[in-house]
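Let me begin by presenting the structure, written as structure tokens, before commenting on it.
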Amino acid sequence: MSSPTAPSKPLDVAIVGAGLGGLTAAIALRRQGHLVKVFESSLRSRDIGAAIGIPPNSMRVLETLGYSLGNLRSTEYRGVVAYNADGSKAYTATFKDQAENYGVQGCMCHRSELHDELKRLALSEEGAGVAVEIHLGTEIVDCDPEAGRFTAQTGEKYDADVIVAADGIRSTMRTIVIGHPVVAPATGLCAFRWMADASKLEGKPEFDWVLKDGISGGRLVVGQDYARRCFLYPCRDRTLINVTMMHPDKRDQDQHSWYARVTRSDVLEEYKDFGPFFQSFIALVEDPINMWQMRALPVLSTWSKGRLVLLGDAAHATLPTLGQGAAMAVEDAGALGCMLPFGTTPQQVPARLAAYQDLRKERDEFVTVESLEQATVPAKRGLFHRSEEMQDLLNGYDAIAAAQEHFKKTFVVS
Ligand SMILES: Cc1cc2nc3c(=O)[nH]c(=O)nc-3n(C[C@H](O)[C@H](O)[C@H](O)COP(=O)(O)OP(=O)(O)OC[C@H]3O[C@@H](n4cnc5c(N)ncnc54)[C@H](O)[C@@H]3O)c2cc1C
């Protein structure tokens with residue numbers, strides 16, 4: 001909040017990208033009293049048809065922004081039951097009681113429910129701050145970070161005091177921040193993603209392992225080589241099951257689209273040596289089935305230049321191994337809000353963005369590297385499930401408290 005001597009003018013904030021990171025940043029900055037415009041290249045503001053785990057560290061930030069858990073139609077994420085490809089039980093990893101240890105219980109939900117909830121908070125007249133403006137079908141193609149001026153594909157130019165680049169793993173704005181393109185390299189891994197209709201499991205005891213048996217959470221089915229594995233969990237009030245099947249990509253990934261549609265027979269063929277319990281489950285596969293290349297960014301030299309700053313996947317896209325990619329974007333957004341309280345002047349912006357980078361870079365890059373290594377280095381596979389220390393480090397973090405502390409230490413003269 002502004003002090004009597006601070007100017008009481010809000011900052012003009014522009015956000016490039018209306019994904020989970022961009023929308024959360026929009027809410028965090030409107031809550032501080034700034035005027036926020038979001039520019040999204042797609043004609044419709046929506047998320048892809050898949051689900052997402054929301055760990056406690058992410059939920060804590062969403063709570064401070066006023067989200068409603070009920071609107072997510074979520075299921076509690078208490079751990080993972082892992083099976084071998086022949087159907088024998090491999091292990092059960094029950095997470096520490098999250099409500100007791102971290103003050104909030106993590107959950108799993110459909111991405112579109114989370115996206116809709118963020119849009120509701122951004123656009124609503126209710127709650128602190130002025131409703132956010134979202135400009136759909138507006139691709140930002142260029143930016144002068146020092147002047148705070150940026151250009152849409154139509155040639156139209158805009159000005160802002162802060163430009164938040166939340167434009168995802170293939171970020172255009174990243175090239176401007178770094179000075180040259182940084183492309184997330186191929187890992188040789190890909191994933192089929194599809195949704196199963198949970199009503200098809202009803203009255204069939206052979207499917208009890210999917211939703212009924214064991215703790216509320218995820219189910220992992222691992223092949224002998226571990227290279228092929230399937231992670232599934234319910235969403236939308238347990239009416240849908242989100243399925244992610246990771247395996248090595250036989251193609252030269254650089255010669256193919258990062259996201260592609262595949263057929264039912266592609267899925268059945270890839271997992272044909274898994275046991276009958278799994279075959280009968282994947283026989284439920286229906287279009288649309290997407291195949292995603294799994295790519296992770298290398299550590300970047302910097303995240304900000306002048307008034308332009310990277311957030312979320314644009315800065316640190318990684319593999320879904322720890323289920324923390326969007327959570328880091330949400331943490332970034334909450335932290336950025338704390339670095340730019342009402343009363344921040346346009347002249348102060350570059351230093352505030354540098355402080356945001358100081359706070360966030362190490363943690364985000366830890367998650368990026370661990371997510372990659374725990375998928376690809378044999379000795380580290382399943383580490384997150386085994387290690388309470390790592391769960392505490394990720395799930396127990398309070399991004400808002402850490403950011404407020406960092407702001408005080410960096411900018412408040414006592
Ligand atoms: C298989 C899989 C499973 C995952 N599971 C989880 C999970 O369980 N938990 C978790 O926390 N994370 C998970 N993640 C990671 C998570 O999906 C991402 O980290 C998160 O969506 C990143 O959000 P973002 O807003 O940074 O980027 P994005 O969601 O990519 O959004 C970027 C937006 O910017 C727009 N855009 C791009 N360029 C421009 C431009 N030039 N101008 C205007 N708009 C532009 C795009 O259209 C898009 O809407 C998973 C990822 C994958 C691949």
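The values are calculated or read from the model by the stated rules, or taken from the named source; none is laboratory data. All values derive from a computational prediction rather than experimental measurement. A quick note on method: Cβ atoms are made from the backbone with ideal geometry, for glycine too, and the neighbour counts reach across all protein chains shown. Heavy atoms of the whole protein, side chains included, go into the accessibility calculation; ligands, DNA and RNA do not. Shrake-Rupley method; radii C 1.70, N 1.55, O 1.52, S 1.80 Å.
Got a sec? Which of Arg120, Arg111 is open to solvent by 20 Å² or more (accessible area, probe 1.4 Å) and in contact with a Leu (Cβ under 8 Å, 6 or more places away or on another chain)?
Only one candidate passes the filter, namely Arg111.
Name the strands (runs of 3 or more DSSP E) wholly inside the range 216-299 in which the number of residues that are touching a Phe, Trp or Tyr at 6+ places or on another chain (Cβ under 7 Å) and hydrophobic (A, V, I, L, M, F, W, C) is 1 or more. Working first, answer last.
Values: elements: 218-222, 229-235, 240-248, 259-262, 289-295.
Answer list for the range 216-299: 218-222, 240-248, 259-262, 289-295.
Can you tell me which residue within the range 280-314, out of those that are near the ligand (Cβ under 8 Å from one of its atoms) and over 22 Å from Met390 (Cα atoms), is most open to solvent (accessible area, probe 1.4 Å)? Restricting to residues being near the ligand (Cβ under 8 Å from one of its atoms) and over 22 Å from Met390 (Cα atoms), the top hit is Trp292.
Among Asp287, Asp313, Asp332, Asp273, which is touching a Leu at 6+ places or on another chain (Cβ under 6 Å) and of a type outside the set (A, V, I, L, M, F, W, C)? It would help to see each step written out before you state the result.
Values: Asp287 fails: touching a Leu at 6+ places or on another chain (Cβ under 6 Å); Asp313 fails: touching a Leu at 6+ places or on another chain (Cβ under 6 Å); Asp273 fails: touching a Leu at 6+ places or on another chain (Cβ under 6 Å).
Just a single option satisfies the conditions, and that option is Asp332.
If only residues of the range 390-412 that are farther than 17 Å from Met328 by Cβ and of a type in the set (A, V, I, L, M, F, W, C) are counted, the one that is surrounded by the most Cβ atoms within 10 Å (Cβ to Cβ) is Phe407. The test for being within 30 Å of Ala147 (Cα to Cα), touching a helix residue (DSSP H, G or I) at 6+ places or on another chain (Cβ under 7 Å) and within 14 Å of the ligand (Cβ to nearest atom) does not hold for Leu322.
Checking the conditions here, which among Tyr83, Tyr91 is over 25 Å from Ala335 (Cα atoms), in a strand (DSSP E or B) and open to solvent by 40 Å² or more (accessible area, probe 1.4 Å)? Please lay out each step first, then the result.
Details: Tyr83 fails: open to solvent by 40 Å² or more (accessible area, probe 1.4 Å).
Within the list Tyr83, Tyr91, the selection yields Tyr91.
Flag: Arg360 matches the condition of being crowded, with 22+ Cβ neighbours inside 10 Å and basic (Lys, Arg). Going by what's in this entry, would Asp332 be described as in a helix (DSSP H, G or I) and crowded, with 24+ Cβ neighbours inside 10 Å? Taking the combined requirement at face value, the residue satisfies it.
Sort out for me the helices (runs of 4 or more DSSP H) sitting completely within the range 355-414 that have 2 or more residues that are over 29 Å from Asn84 (Cβ atoms). Please lay out each step first, then the result.
Values: elements: 383-386, 388-395, 399-411.
Filter on the range 355-414 gives 399-411.
Would it be correct to say that Val377 is among the β-branched types (Val, Ile, Thr) and within 16 Å of the ligand (Cβ to nearest atom)? Considered against the rule, which asks whether it is among the β-branched types (Val, Ile, Thr) and within 16 Å of the ligand (Cβ to nearest atom), Val377 comes out as no. Just a yes or no: is a residue in the range 62-73 of a type in the set (Gly, Ala, Ser), over 23 Å from Gly168 (Cα atoms), part of a helix (DSSP H, G or I) and more than 9 Å from the ligand (Cβ to nearest atom)? Looking for residues that are of a type in the set (Gly, Ala, Ser), over 23 Å from Gly168 (Cα atoms), part of a helix (DSSP H, G or I) and more than 9 Å from the ligand (Cβ to nearest atom), one finds at least one in the range 62-73, hence yes. Inside the range 59-80, residues that are open to solvent by 50 Å² or more (accessible area, probe 1.4 Å) and of a type in the set (Val, Ile, Thr) make up a count of 1. Here the condition is being more than 10 Å from the ligand (Cβ to nearest atom), assigned to a helix (DSSP H, G or I), touching a residue at least 12 places away in the same chain (Cβ under 8 Å) and under 22 Å from the mean Cα position of the chain (by Cα); of Val182, Val164, Val177, it holds for Val177 alone. Does Arg228 qualify as being under 21 Å from Thr376 (Cβ atoms) and open to solvent by 10 Å² or more (accessible area, probe 1.4 Å)? Yes.
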